[in-house]
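The values are calculated or read from the model by the stated rules, or taken from the named source; none is laboratory data. Everything numeric in this text was worked out from a predicted model, so none of it was measured. Because the Cβ atoms are built from the backbone with ideal geometry, glycine has one as well, and the counts that use them run over all protein chains shown. All accessible areas refer to the heavy atoms of the entire protein, side chains included, with ligands and DNA or RNA removed. Shrake-Rupley method; radii C 1.70, N 1.55, O 1.52, S 1.80 Å.
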Amino acid sequence: MNRRDFLAGTATGLVVGAAGTYAAVKSSATQTAKGPAAITSRTQWRMVTTWPEKFPGLGTGAERLAQRITEMSDGRLTVKVFAAGTMVPALGIFDAVSQGSAEMGHGASYYWQGKSKVFNFFAAVPFGLTANELSAWIHFGGGQELYDEGYARFGLKPFLAGNTGAQMGGWFRKEIRTIEDFKGLKMRMPGLGGEVLRRIGATAENLAGGDIFPALSSGRIDATEWVGPWNDLAFGFYKIAKNYYWPGFHEPGTGIECFVNKAKYDALPRDLQAIVTGACRAEAEAMLGDFNRRNGEALRTLIDTHGVKLQRFPDDVMAAFGKASEEVLAELEGADDLTKRTYQSFRKFRDESIGWSRLADQGYLDMRSRMLRPRT
Ligand code: CA
């Protein structure tokens, strides 16, 4: 008898708990000659997210993760997704899951940097790690232990569950020729990237996604970053600012996360814990693939259909970004103990990874670009 037949045949013995509860009852049918009485249970969890409903890449990734957990557990753990604002506001999900009013959250850890600067490292920091490197650091370089420690303080268990890949540098009304062009420039850039901009004389603003286009359109801001071609095309920034700069020094591979109320996670049987963990790992890979496939397509549309001018930041501008970024990161050593230890772990990993990535990814990609000469 497979599990599905088993569940169907004993449906009357099962109780589906109210959302958020962990209901376990003995199935009468299990107390037969089949063997010792087994405990079986069905659980429903709510996943609150920072994304609007079906938001490309991120919201759809949350949906795919919920569906994967539900399917892998054959319905023993059913996850229902709530878009931002439908149960709690986007930036209220951390506290909601911490307090247990929802069981899972889906967002990006740098949204919680107001609680501790350490939370930047598990999403993105300026001149930080690529998607591949972030995965390597978290899963094999000690990052997960630090991630766990930071979230355990809030009663949470975190998982890397996606990545946007490399982000773009942003949309500018005017061309950037020297670092002087940033003096007085008003740009939307949240987090530590915004700190870097302030150091080079710009004004950094942190606007929520839906507020960016109106601000750029009215001239309240001169420039903005968002994600990459796929998401940026959808917001229509090309209608206002034609200069699209790369690379995104501030978010070279932004980690997307799923976190679980730790008491609820610890109460799961071991196989369901493994399913949650494995589903997050699988979705981390899937989301990155989704972004990489769609970004390439959207980039061509922006250039060919909308006349966007693709621009690389000048070398002296990149050098100034780099110097200011290292200063901003170094100051984190003076923050709380966990932030300091995390920065040190990150820096050690990055120092080692730079040498290998230069030969492997960068070395190969430079060679391929020279041979095949891409159109962009
Ligand atoms: Ca961004």
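Its residue count N fixes a reference of 2.2 N^0.38 Å for the range 315-376, and the Cα radius of gyration divided by that reference is 1.54. For the pair Asn292 and Gln67, label points projected 7 Å from Cα toward Cβ lie 2.2 nm apart.
With all projection directions averaged, the alpha carbon convex hull of the chain covers 20.8 nm². Bridge orientation summary for the chain: considering DSSP beta bridges with both residues in this region, about 50 percent are antiparallel.
Taking each residue as 0.36 nm, the span from Arg177 to Asp271 lengthens on full extension beyond its C-alpha to C-alpha distance by 28.2 nm.
Applying a DSSP loop filter and a limit of 15 other Cβ atoms within 10 Å to the trypsin sites (Lys or Arg not before Pro) in the range 156-255 leaves Arg173, Lys174, Arg177, Lys183, Arg220. Globularity index of the range 231-306 is 1.61 (Cα radius of gyration / 2.2 N^0.38 Å, N = number of residues). Based on a Kirkwood Rh over C-alpha pairs, give the Stokes-Einstein translational diffusion coefficient of the range 173-224 at 37 °C and viscosity 0.692 mPa s in µm²/s. Diffusion coefficient, whole number: 297 µm²/s.
When the pairs Lys117/Lys157; Lys157/Lys348; Lys174/Lys323; Lys157/Lys186; Lys183/Lys309 are compared against a 29 Å limit on Cα-Cα distance, Lys157/Lys186 fall above it. Based on protein heavy atoms only, the chain ends up with 46 Å² per residue of surface accessible to a 1.4 Å probe. With Cα atoms as the point set, the radius of gyration and Dmax of the range 156-252 evaluate to 13.5, 45 Å.
Rg and Dmax, both from the Cα atoms of the range 87-154 and both in Å, are 12.7, 36. For the range 283-325, no residue has its backbone nitrogen under 15 Å from a point 7 Å from the Cα of Ala360, taken along Cα to Cβ.
Counting only protein heavy atoms and using a 1.4 Å probe, what share of the accessible area of the chain belongs to carbon plus sulfur, as a whole percent? Of all accessible area on the chain, carbon and sulfur atoms account for 54 percent. Compared with the dominant principal axis of the Cα atoms in the chain, helix 209-218 is inclined by about 20°. Here the simple spin-label model places points 7 Å from the Cα toward Cβ, and for Asn206 and Arg341 these points are separated by 2.5 nm. With each label modelled as a point 7 angstrom along the Cα→C-beta vector, the Met367-Arg220 pair spans 5.0 nm.
The alpha-carbon atoms of the range 33-157, seen along their principal axes, cover 62, 35, 27 angstrom, with the largest extent given first. Note: relative contact order over the chain, using C-alpha pairs below 8 Å and six or more positions apart, is 19 percent.
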